[in-house]
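J.: Quick one: the structure is below, questions incoming.
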Amino acid sequence: MEHLRRNKIVDLLQSKEYGSEVLVKGWVRTKRGNKNINFIALNDGSVIHHIQVVAEVANFPEDVLKLITTGSCIAVTGILVASMGEGQSVEIQARNIEVYGTADPETYPLQKKGHSLEFLREIAHLRPRTNTFGAVLRIRHAMAFAIHKYYNDNGFYYIHAPIITGSDAEGAGAMFRVTTLDDKNPPLMPDGHVDYSQDFFGKETKLTVSGQLEGELGALALSLVYTFGPTFRAENSNTPRHLAEFWMIEPEMAFYDINDNMDLAEDFLKYLMQYALDHCYDDLEFLNKMYDNELLDRLKQVISTKFERLTYTEAVDILMASGQTWEFPVSWGTDLQAEHERYLVEKHFGKPVILTGYPKDIKAFYMKMNEDGRTVRAMDVLFPKIGEIIGGSQREENLDALLKRIHEMNIPEKDMWWYLETRKFGTAPHAGFGLGFERLILFVTGMSNIRDVIPFPRTPKNAEF
RNA sequence: UCCUCCUUAGCUCAGUUGGUUAGAGCAUCUGACUGUUAAUCAGAGGGUCGCUAGUUCAAGUCUAGCAGGGGGAGCCA
């Protein structure tokens, strides 16, 4: 007998080869019918749509049909035919059905009807089998691939920044410690502190909060580089926009100034939106219908409009002249609050905004000082619905200026020796930014909670799966 | 971490001024139905009301603490 290769449902749904024998394997979403005929909606994750398998009851043992319940996994051989029913163009007339795995309907937690996203978070091991998470995970994959494609096509090199780091000077928040010391009886120094010189790496190590500093090292040799990896923040953040473990994309470019940096950020984001529309339309359409009726329009709008670029100082003027009452009053020198950013993006301009020229005191030590001596060449890209999606800057390439900032901000200089040497030997103007991958996926999918755009979210009090 | 709301059947939720055997829809099971589209129709089973303590003759209902979750804020991506 001829060996049949498994057909993917995404291909069969577009096939016109009626009468040919096919083999599909997947998970049952629903079964319905009567004493003569059963209809099985089968999904294999290759596409959001299901294929309908038609089983004449007389052709199958009763005990086999009985095992085919929501959640079970089956393999079906049969004939691809034009559907006699209304809801689909093709279907499979089943010849043979093999049950790979049953799913006891009394205890299988996913049912035919919809579930709340909160409930699905409690069964993160099974939620990829839902339409929503299938769509989100396919889009997440497409965006990861598109990011690599964009940078590769534009001459960037992918740099792998370390995940375990001995440097805690990035200043981007609290870090998770990495150690192999005995947690009950660690070696101590005379002053009572843990003696990390006896630890695995001979020093205290943490999980990285950013690959930026290593990215800069790469850019000052390969000119155009990017990192794309997991990052970790031990902040007790309980919001729909924060994770303790998230993925970040950080391009770093030698010979770019702040304007080149903004151009890249805008072009990059628009490319990703267009890629999603070109490659994930079925999934986006589903999410648009089920969760966010403005999703498709919003993606198209971002692609077609020029992002508004203005300085922090101009933004403060607009906010103070707006006549709005703020929970947090606006004044030059204080950081903008979520309500201020939202006003600028959603009310005043009605499109994405790039803010530059922030006061030096509210930004990181490595950002390049402007001529005025009080603002730095930072840039934040603000998006509707999710706020800050990108943060970046032109970097301070002058060794003396950088040292001055390090001293002002009490950053331990000795831990930074390798970073500072790039300014000592062949320094160059350069710039870069960080894009939170999950925030991008939030925007592209229209989902409202970041826990629903990563397969297994890590948040305070939650590392179950 | 702060503010606020929530926790009752497998799921989504009702539950009156505290009152006796705790309700619905969906799911599940049984049956009916000659092509269904989250099928439909009929019937059945299913609950330590988040946990602990308190007030009261009496607590799903009131109070406190704890745990978990949602929304908003801060930190940020």
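J.: Can you name the number of the only condition in (1) modelled with pLDDT under 95; (2) within 16 Å of RNA strand B (Cβ to nearest atom) that residue A:434 fails?
T.: (1)
J.: So which residues in segment A:100-153 are of a type in the set (Lys, Arg) and either more than 18 Å from residue A:289 (Cβ to Cβ) or within 9 Å of RNA strand B (Cβ to nearest atom) (or both), if there are any at all?
T.: Result: A:112, A:113, A:121, A:127, A:129, A:140, A:149.
J.: In addition: Out of A:357, A:350, A:373, A:387, which single residue is under 21 Å from the mean Cα position of the chain (by Cα) and of a type in the set (Gly, Ala, Ser)?
T.: Going through A:357, A:350, A:373, A:387 in turn, just one is under 21 Å from the mean Cα position of the chain (by Cα) and of a type in the set (Gly, Ala, Ser): A:387.
J.: Something else about it: Among the listed residues A:339, A:408, identify the single one that is within 11 Å of RNA strand B (Cβ to nearest atom), over 26 Å from residue A:136 (Cα atoms) and open to solvent by 30 Å² or more (accessible area, probe 1.4 Å).
T.: Exactly one of A:339, A:408 is within 11 Å of RNA strand B (Cβ to nearest atom), over 26 Å from residue A:136 (Cα atoms) and open to solvent by 30 Å² or more (accessible area, probe 1.4 Å), namely A:339.
J.: Is it true that residue A:253 is on the phi < 0 side of the Ramachandran plot, touching a Gly at 6+ places or on another chain (Cβ under 7 Å) and more than 14 Å from RNA strand B (Cβ to nearest atom)?
T.: Yes; evaluated as a whole, the condition is true for this residue.
J.: Looking for something open to solvent by less than 60 Å² (accessible area, probe 1.4 Å) and under 30 Å from residue A:256 (Cα atoms) - is there at least one such residue anywhere in segment A:181-204? Give the steps one after another, and end with the answer.
T.: The initial filter retains those residues of segment A:181-204 that are open to solvent by less than 60 Å² (accessible area, probe 1.4 Å), namely A:181, A:186-187, A:192, A:194-196, A:199, A:202.
Narrowing the set further to residues that are under 30 Å from residue A:256 (Cα atoms) leaves none.
No, segment A:181-204 contains no residue that is open to solvent by less than 60 Å² (accessible area, probe 1.4 Å) and under 30 Å from residue A:256 (Cα atoms).
J.: Would you confirm whether any residue within segment A:284-302 is open to solvent by 70 Å² or more (accessible area, probe 1.4 Å), within 17 Å of the chain's Cα centre (by Cα) and modelled with pLDDT of 95 or more? So that I can check it myself, show each step before the final result.
T.: So in segment A:284-302, the residues open to solvent by 70 Å² or more (accessible area, probe 1.4 Å) come out as A:285, A:289-291, A:293-294, A:297, A:300.
Remaining after also requiring within 17 Å of the chain's Cα centre (by Cα): none.
Within segment A:284-302, not a single residue is open to solvent by 70 Å² or more (accessible area, probe 1.4 Å), within 17 Å of the chain's Cα centre (by Cα) and modelled with pLDDT of 95 or more.
J.: Would you check which residues across segment A:216-243 are more than 12 Å from RNA strand B (Cβ to nearest atom) and open to solvent by less than 50 Å² (accessible area, probe 1.4 Å) and list them? Steps first, answer last, please.
T.: Narrowing segment A:216-243 to residues more than 12 Å from RNA strand B (Cβ to nearest atom): A:216-229.
A:216, A:218, A:219, A:220, A:223, A:224, A:225, A:226, A:227, A:228, A:229 - these are the residues of segment A:216-243 that are more than 12 Å from RNA strand B (Cβ to nearest atom) and open to solvent by less than 50 Å² (accessible area, probe 1.4 Å).
J.: In segment A:244-274, what residues are under 18 Å from residue A:383 (Cα atoms), open to solvent by less than 60 Å² (accessible area, probe 1.4 Å) and part of a helix (DSSP H, G or I)?
T.: Within segment A:244-274, A:261, A:262, A:264, A:265, A:266, A:268, A:269, A:270, A:272, A:273 qualify.
J.: Let me ask something additional. Please list, ordered by first then second residue, the pairs with beta carbon atoms under 7 Å, 6 or more apart or interchain, first in segment A:12-38 and in contact (Cβ under 8 Å) with a residue 40 or more places away in the chain, second part of a strand (DSSP E or B) and within 6 Å of RNA strand B (Cβ to nearest atom).
T.: From residues that are in contact (Cβ under 8 Å) with a residue 40 or more places away in the chain, there are no pairs.
J.: So residue A:154 fits all but one of (1) modelled with pLDDT of 95 or more; (2) over 20 Å from residue A:228 (Cβ atoms); (3) open to solvent by 30 Å² or more (accessible area, probe 1.4 Å); what number is the exception?
T.: Exception for residue A:154: condition (2).
J.: Right, another one. How many residues are more than 9 Å from RNA strand B (Cβ to nearest atom) and over 38 Å from the mean Cα position of the chain (by Cα) when one looks only at segment A:58-81?
T.: Residues that pass the stated criteria total 10.
The values are calculated or read from the model by the stated rules, or taken from the named source; none is laboratory data. Values in this document were obtained by computation on a predicted structure and should not be read as measured data. In this analysis, Cβ positions are derived from the backbone assuming ideal geometry, glycine residues included, and neighbour counts consider all displayed protein chains. Please note that ligands, DNA and RNA were not included when accessible areas were found on the heavy atoms of the full protein model with its side chains. Shrake-Rupley method; radii C 1.70, N 1.55, O 1.52, S 1.80 Å.
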